[in-house]
Amino acid sequence: MTVLLSVCAVQLFMIQIVRGPALAEQGRQVRTSATKIPAPRGQILDANGQVMVDSVQTYHIAVNQQKIREYIQEDDDGKTIGRGPAAAAKQLAPLLKMDAAVLGAKMVGDGTYEYLAKNVDSDTYRAIRALGIYGIEWEPVFERIYPAGNAAANVLGTFGTEPENSSGLEMVYYDVLEGTPGEESYEVSPGGAVIPGAKTVSKEAAHGGTVQTTLHLDLQAQVQEAVDAIADKHQADWVSAVVLDVKTSKVLVLADSDLKKPTEGPQMSNAVQGAFEPGSVGKILTMATALEKGTVTPLSTFSVPGVLSTPDGGDIEDLHDHETYVRTVAGILTESSNTGTVMVGQTVSDSDRLETMKAFGLGQLTGIELPGETPGLLAESGDEWVGRDRYVTMFGQGYAMSALQQAAMMAAIGNDGVWQPPRIVDSVTYADGKRIETEEPQPRQAVSPETANALLKMMEGVVSDEEYGTGSGAAIDGYRVALKTGTAEILGGEGTVATTAGVLPADNPQIAISVVVNNPKAGGYLSSDSAIPLFKSVASSAVRNLGIPASATEPELFPLTP
């Protein structure tokens, strides 16, 4: 007996003193589980701090199909009133807004974690948890929400599990917006239940960073409505509108027609990704080159025929038949004469014209912080313009640009000839509070201030000259407007493109606007039918929303005739 007691004492000593801590730790490891704590993704804001994208906590509801077989439903008296998947489905169906039979079928099988519903709100989650159904599990997650609906959906993009599954700003700033998950551990009983008070958070979840855009959300929403209205009225394939700050080239509005909520999947932005021939808007580039090279002035005169025969490009015609008349260069632009523009273009070399186009950002990416941008279409060398191509490029055909590039070109004219790359992100604030503003883009002098100001004054005539101006329909009470209209055939396809682009107020340029109506099939195909009304709508909303003061002076136009 003494020997037996001695052996027991030794074993007890070994268990409690020598091996006790190790066994206790081993027991904890066996009974301890760890799980990730989801982290909320960061916000995307507009220029004024309005939330455009946010994250809200929701819950995924799942079932352990093996455990749910053992579920017993009891009433308040402890009496069994249901068993297994059928009973569980009957309780959950009203909360999940699902058919009980369909829900019950999802619970049958051998899986240990099968989803029943995703992104369930907090109230529904609490109601499900209160039922205490054995075999029903939940997973806290964060869902992306869009307080302004589809406003700027083309910019915000969609959020996926990986950058390559995302789009828009969600893709470009994926890592900035991504939160850092936390971790918690908890002890469970042999039956799998969490032991009360045994949870330990070893790492807190960290919120993702914030991206602040340059967009003005209220104005963006108003312009989207206007864009959609024009698309519907004219049965256009797509319509886009861009508004830039003239001094900084910050994107204030980037609107596309027929946008859906980001939750419905990726969407392209035709304003950034769609290329088109600018038509008569491109005459600005021919005039800019000739003015810059000094081969003409706004008051230089030309005898302009209705049809101009060229040695290697066939006949060039104006839209409307007319006898030969004398017009100043300003008059040629105001009336949007093809033949007159070709005559001006022939005073400079093709390489000089191409150089001007490139200086205004054509044929190259602007660097906007969005994926899929088009560089447009432009010859590498002026030598590539042979035959008729040489002449049609003088009035906006034979090359292509995006609505964004067109807006940036107009902003440069309103900014004393200084072209700046447009940008749509103002700053990034990381989770640690560190705020980094977007680097200022490198500007370049596309044309001299004298040339830019002459163009601006010439473009005013397009609106203000009631007799000859092709853009008089875009006039806005109290504001001097400078713009150019254009209509061209769709590059490589059928149909036409109507466009209008310009700046205002012309006496103190604040915003540049570019609108494009692609392939209107009803209500007229000219820019005067669709693009000019859209330009006026966008401009009217912009001056009100942005608080732009009215013009202080009346325009002094160049004479159109000698």
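Quick notes
- Listed conditions (1) more than 21 Å from Pro375 (Cβ to Cβ); (2) modelled with pLDDT of 95 or more; (3) β-branched (Val, Ile, Thr) are all met by Thr310, apart from (2).
- Residue count, the range 317-339 (criterion: out of contact with any Phe, Trp or Tyr (no Cβ under 6 Å at 6 or more places or on another chain), outside any loop (DSSP other than H, G, I, E, B) and of a type in the set (A, V, I, L, M)): 4
- Pairing residues of the range 296-323 that are in contact (Cβ under 8 Å) with a residue 60 or more places away in the chain with residues that are assigned to a loop (DSSP other than H, G, I, E, B) and aromatic (Phe, Trp, Tyr), at Cβ distances under 8 Å and at least 6 apart in sequence or on separate chains, gives Pro298/Phe558; Leu299/Phe558.
- Which listed residue, of Val348, Val342, Val386, Val392, is assigned by TED's automatic domain parsing to the domain that holds Trp419, outside any strand (DSSP E or B) and either at pLDDT below 95 or of a type in the set (D, E, K, R) (or both): Val386
- Any strands (runs of 3 or more DSSP E) falling wholly within the range 453-562 and containing at least 3 residues that are surrounded by fewer than 19 Cβ atoms within 10 Å (Cβ to Cβ): none
- The number of residues in the range 255-280 being of a type in the set (Ser, Thr, Tyr), under 21 Å from Ser528 (Cα atoms) and not in a loop (DSSP other than H, G, I, E, B) comes to 1.
- Pairing each residue of the range 483-496 that is on the phi > 0 side of the Ramachandran plot with any residue that is of a type in the set (S, T, N, Q), provided the two are 6+ apart or on different chains, yields C-beta distances under 8 Å for Gly495/Asn518; Gly495/Asn519.
- Residue in the range 410-418 that is touching a Ser or Thr at 6+ places or on another chain (Cβ under 8 Å), under 25 Å from Asp318 (Cα atoms) and modelled with pLDDT of 95 or more present: yes
- Test: residue in the range 357-371 that is more than 25 Å from Val503 (Cα to Cα) and at pLDDT 95 or above: yes
- Any hit, the range 240-253, residues being surrounded by fewer than 18 Cβ atoms within 10 Å (Cβ to Cβ) and assigned to a helix (DSSP H, G or I): no
- Candidate set from the range 425-480 (those that are within 19 Å of Leu560 (Cα to Cα) and charged (D, E, K, R)); member that is farthest from the chain's Cα centre (by Cα): Glu467
- Being closer than 18 Å to Gln273 by Cβ and either modelled with pLDDT under 95 or assigned by TED's automatic domain parsing to the domain that holds Asn508 (or both) is a property that holds for Arg423.
- When Gln212, Gln235, Gln273, Gln222 are checked against the criterion of being in contact with a Ser or Thr (Cβ under 6 Å, 6 or more places away or on another chain), assigned by TED's automatic domain parsing to the domain that holds Lys484 and either surrounded by fewer than 19 Cβ atoms within 10 Å (Cβ to Cβ) or under 30 Å from Asn165 (Cβ atoms) (or both), Gln273 stands alone in meeting it.
- Qualifying residue in the range 74-95 (condition: under 30 Å from Val176 (Cα atoms), at pLDDT 70 or above and surrounded by 15 or more Cβ atoms within 10 Å (Cβ to Cβ)): no
- Scope the range 281-302; condition of a type outside the set (Lys, Arg) and either part of a loop (DSSP other than H, G, I, E, B) or more than 15 Å from Thr334 (Cα to Cα) (or both); matching residues: Thr289, Ala290, Leu291, Glu292, Gly294, Thr295, Val296, Thr297, Pro298, Leu299, Ser300
- Residues that are out of contact with any Pro (no Cβ under 9 Å at 6 or more places or on another chain) and at pLDDT below 95 within the range 318-334 comprise Leu319, His320, Asp321, listed in sequence order.
- Residue check for Gly168: closer than 30 Å to Val425 by Cα, modelled with pLDDT of 95 or more, surrounded by 14 or more Cβ atoms within 10 Å (Cβ to Cβ) and not assigned by TED's automatic domain parsing to the domain that holds Ile368: yes
The values are calculated or read from the model by the stated rules, or taken from the named source; none is laboratory data. What you see is a predicted model, and the numbers here were worked out from it, not measured in a lab. Don't worry about glycine lacking a Cβ; one is built from the backbone with ideal geometry, like all the others, and counts go over all protein chains shown.
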